[in-house]
């Protein structure tokens, strides 16, 4: 799978969560140009980020 | 394709509104989200973060460049001076994007700028928030735009699409990187190229040519017959009265209008003392204000002659109530010394076969009572985007080196 060395913990968690939600997505598209991101990807990633940060806040 | 990659500092400073076809890193999105909910940041910064996130999520012109940690690692490995901090990961994403596109990296952070300058595949650009511009946030008649290659092409192939979202009667300066490529005018229906002719002063046998880009836009605005209320604002000595006056004289000489009506609010310069009552009739009392016209028609005798022939009329603002100004070109100079009520009073006198040109500079207001509800500011706020209204702010002083020194004394607004 990915190089698991996490440069940015939150980013890595977001990526992992995306692939958990879309197990069939495949990793190949990560290497494609940004314009070829799947439809709705930007908004879904923001949803993941929002959930993640909201959870962090609740934990705090 | 040329694209713009904005870091968090640039986004917070409002760069998203200035550039079309922007990319940001997901790290920026995270930082903005954190700022939104931060207890330490000021309300102003939190507001900027909220606005930015809203734009990023809703706009199809703004992309978030997600890259795998594997790809980011490769870049960190290649550029040893970059480390695993957020700022550098943002630069890494820009570098990855530069493998497919020409990327201009926009930042408002000095250190980020210096790092980005070290990357050969990036063009680093320091984005400065123009506080004054934000304070005024007023329509100045023209704007700087940074369209993508595709949008640039579309402006010419399909000029009826307002792709830059310009206001009606706005000039759009089109940049690629820091290079000015073209200037277009959005007339409310389509984009067209800048269009103007030199102004001819038949009294002096002179031809007036624009000396800089803003003056070219002012020529275009003045010569636009569809715009009936024209406002020229400017810094010291940038030529607004000279251009407007010569244009108005040209129109009268050509017979487009029967006469030039010159209007001024007879306010004396701030800090000076009134010289007291002047002898004579209205014309001779106003002669101290009409000398600027005399300079452009060949002297006071010629001006008297033109006034006798009713080709030029000088009217104190206090005398316009009740008038109906027909078939005339009205020039209202020093209009910074007017509040919105006085501007309305004058505009309400203009009939459909006339036009009015206002010239003024809010930096030169001579009386405190015109600071609040200032006429120029009110026009810019309320008339911007109206098909009958157009404005150009001149920014370069053309009078001479001494006039330019004024900017050092009182910075232009």
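What follows is calculated from the coordinates using simple rules that are stated; it is not laboratory data. This one's a predicted model, so the numbers in the text were calculated from it and none came from an experiment. Here the Cβ positions follow ideal geometry from the backbone for every residue, glycine too, while neighbour counts run over all protein chains shown.
General observations
- Listing A:22, A:8 from fewest to most neighbouring C-beta atoms within 10 Å gives A:22, A:8.
- Averaged over the residues of peptide A:47-55, the number of Cβ atoms from other protein chains lying within 10 Å of each residue's Cβ is 2.
- Tilt relative to chain B, helix B:26-36 - C-alpha long axis, 0 to 90 degrees, to 10: 60 degrees
- Using the Cβ-Cβ distance between residue B:197 and residue B:17 with R0 set to 35 Å, the FRET efficiency from 1/(1 + (r/R0)^6) comes to roughly 0.55.
- Principal-axis tilt of helix B:240-254 within chain B, Cα atoms, nearest 10 degrees: 50 degrees
- Each of B:261, B:183 has some number of other Cβ atoms within 10 Å of its Cβ, and from fewest to most they run B:183, B:261.
- Inverse mean reciprocal Cα-Cα distance (Kirkwood Rh) of segment B:134-193, Å: 11.7 Å
- Cα long-axis angle, helix B:69-78 against chain B (0 to 90 degrees, to the nearest 10): 80 degrees
- Annotation for residue B:38 and residue B:341: the two label points, set 7 Å from Cα along the Cα-Cβ direction, are 4.6 nm apart.
- Using the Cβ-Cβ distance between residue B:223 and residue B:129 with R0 = 45 Å, the FRET efficiency computed as 1/(1 + (r/R0)^6) comes to roughly 0.80.
- Take the Cα of residue B:167, step 7 Å toward its Cβ, do the same at residue A:13, and the gap between the two points is 4.5 nm.
- Anisotropy class of segment B:69-108 from Cα gyration tensor, a/c 1.5 cut: oblate
- Sorting B:81, B:105, B:115, B:171 from the fewest to the most surrounding beta carbons within 10 angstrom yields B:81, B:115, B:171, B:105.
- Residue-averaged beta-carbon neighbours from other chains (10 angstrom radius) around A:8-15: 5
- Extension gain, residue B:61 to residue B:291, is 77.5 nm, computed as 0.36 nm per intervening residue step minus the present C-alpha separation.
- For segment B:1-153, a/c is not less than 1.5, where a ≥ b ≥ c are the root eigenvalues of the C-alpha gyration tensor, and a/b does not top b/c. That puts it in the oblate class.
- Diffusion coefficient, µm² s⁻¹, Stokes-Einstein with Kirkwood Rh over alpha-carbon pairs of chain B at 25 °C and 0.890 mPa s: 102 µm²/s
- Stretching the chain fully between residue B:54 and residue B:114 yields a gain of 18.7 nm (0.36 nm per residue, less the alpha carbon separation).
- Ranked by the mean number of other Cβ atoms within 10 Å of their residues, highest first, the peptides B:211-223, B:228-240, B:317-329 come out as B:228-240, B:211-223, B:317-329.
- The distance between label points at residue B:258 and residue B:301 comes to 2.9 nm (points 7 Å beyond Cα on the Cα→Cβ vector).
- If R0 equals 60 Å, the separation of the Cβ atoms of residue B:79 and residue B:308 corresponds to a calculated FRET efficiency of about 0.15.
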